[in-house]
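Structure, as structure tokens:
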Amino acid sequence: MDIYSDDRIVLTLDAGGTNFVFSAIQRGQAITKEYTLPSNGHDLDLCIQTMKEGFEKVLQDLRADPVAISFAFPGPADYINGIIGDLMNLPGFRGGVPLAGILEAYFQLPVFINNDGDLYAYGEALGGILPEINRKLDRSGNPKRYRNLVGLTLGTGFGGGIVSDNQLFRGDNSLAAEVWIFSNRKDPAVNSEELVSTRAVQRDYARLAGISFPNTLMPKDIADIATGKKEGVKEAAKEAFRSMGRALGDTIANLQTLIDSIVVIGGGITGAASLYMPSVMEELNSHFRQTSGEKIPRLVQKVFNLDDHAASKEFFKDKSVEIIVKESGKKLYYNPEPHLAIATSRIGASRAIALGAYAIALS
């Protein structure tokens, strides 16, 4: 499916705990202005009325009829049946609300609701990093093509999604890729989101710098301290990002072992990728020690950081070996060293989520 050549129009919504942002997409591009309204997530009736009002504003801007409504909601829900419930940042939905059915009855359009991490991964797989990698492989004369992707979002929370062969993997309860609740060998007593998120960087910097927590410093501020652009404890800021990188690397190593895929990272903290990615790569290139004392690599595959120019150049090289089947004369191409890649999103999390919502509706 080529989402950049499809003429169908889909209404979309970026649903946050504070604001809802409404727009419409055609051919993979926003075609209306964005309308931002307060989410009113504390009051169910007011929240649903806000959704109706936001979509109606977008409809007034369109010159053709939309075919669907499609958007992301943050957190676990029964997305297959369009039922939202028990979201911490939208308390009005607790107990289970058939949101898709309510909006379908009002607008007389099919409604698709999905997890934001899932849609982020889907957008990157169909219109972001995955097709970009495969285009570059083609231009490099490399026959390898990648079909699987894990998308991770770093921000207030830690989210994820899995796509295989252009299909979003949801799981039996719409709960696949809930990476925020993974365990982590860096601190097995807490879930991974406590180590890979805005608060993780804030908390670690405060502890290392000897200041109170919580405070008003955001990861951007701490990154500026680490790079000398802002006053503060520079080494504490650097270590806060290194610590997050080590924990993120552990999660990514487990995902690449299980899924064997490209990994793309998006979200607000990616602006500080240069501060945490070295620790991520250190973890991916680390070793286990067997009881015999022998060391074995953490991963079977070799992982390349596409944000690093030299590593990216190496990744796209064709290192396959030609093997001929004597019995038939058929030529096969074999790479004795399996490769994977990790990259920061080129299109950004918001755009990837919107593309994912668009693609879900079209498919």
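Here, each number is a calculation from the coordinates, and none is a lab measurement. Values in this document were obtained by computation on a predicted structure and should not be read as measured data. Reconstructed Cβ throughout: ideal geometry from the backbone, glycine too, with neighbour counts over all protein chains shown.
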| Footprinting exposure proxy for 244, 277, 218, 1 (fewest neighbouring C-beta atoms within 10 Å first) | 1, 218, 277, 244
| Gain upon complete extension [residue 332, residue 292; 0.36 nm per residue less C-alpha separation] | 10.6 nm
| task | Using DSSP to define loop residues, name the GluC sites (Glu not before Pro) in region 276-363 whose beta-carbon has at most 14 other beta-carbon atoms within 10 Å. | result | 294, 327
| said: For a quick check: with amide H placed at 1.01 Å from N, whose amide H comes under 5 Å from residue 112's, ignoring anything fewer than 5 positions away on the same chain? | reply: 69, 70, 71
| note | Taking only C-alpha positions in region 78-190, Rg and Dmax in angstrom work out to 17.4, 54
| For residue 52, which lysines qualify as cross-link partners when the Cα separation must be under 19 Å and same-chain residues fewer than eight apart are set aside? | 33
| request: Among 74, 181, 348, pick out the residue whose Cα is farthest towards the positive end of the charge dipole of the chain, where Lys and Arg carry +1 and Asp and Glu carry -1 on C-beta, about the Cα centre. | output: 348
| field | Rounded to whole Å, sorted largest first: equivalent-ellipsoid semi-axes of region 35-117, Cα gyration tensor | value | 21, 15, 11
| message | What is the distance in Å between the Cα centroid of region 201-278 and that of region 20-72? | response | 34
| said: How large is the convex hull of the C-alpha atoms of region 129-346 per residue, in Å³? | reply: 173
| query | Cα-based Rg of region 221-264 per 2.2 N^0.38 Å, rounded to two decimals? | reply | 1.55
| note | So for R0 = 22 Å, FRET eff. of residue 36-residue 64 from the Cβ-Cβ r, to 0.05, ends up at 0.40
| message | Which aspartates and glutamates, if any, have their Cα less than 18 Å from the Cα of residue 331, not counting same-chain residues under 8 positions apart? | response | 318, 322
| request: Can you run the Rg to Rh ratio on region 1-153? Use alpha carbon positions and the Kirkwood inverse-distance Rh. | output: 1.02
| request: Only Lys, Arg, Asp and Glu count, each charged at its Cβ (+1, +1, -1, -1), so figure out the dipole size of the chain about its Cα centre, rounded to 20 debye. | output: 1200
| Length added when fully stretched, residue 132-residue 43, from 0.36 nm per residue minus Cα-Cα | 27.8 nm
| said: Among the listed pairs 295/330; 57/220; 186/238, which have their C-alpha atoms separated by more than 27 angstrom in this model? | reply: 295/330; 57/220
| With each label point set 7 Å from Cα along the Cα-Cβ vector, what nm distance links residue 139 and residue 1? | 2.7
| If the chain between residue 78 and residue 105 were fully stretched, how many nm would it gain, using 0.36 nm times the residue separation less the Cα-Cα distance? | 7.9 nm
| the chain - mean residue ellipticity at 222 nm from DSSP helices (-39,500 (n - 2.57) per run, n ≥ 4, rounded to 500) | -11000 deg cm²/dmol
| Between residue 53 and residue 8, what FRET efficiency follows from the Cβ-Cβ distance if R0 is 25 Å, with the result rounded to 0.05? | 0.60
| So how strong a dipole does region 211-351 carry about its Cα centre when Lys and Arg Cβ are +1 and Asp and Glu Cβ are -1, to the nearest 20 debye? | 220
| request: Have a look at 215, 46, 107 and report the one farthest towards the positive end of the charge dipole of the chain, computed about the Cα centre with Cβ charges (Lys/Arg +1, Asp/Glu -1). | output: 215
| message | I want to check the label-to-label distance for residue 319 and residue 94. Put each point 7 Å from Cα in the C-beta direction and report it in nm to one decimal. | response | 5.3
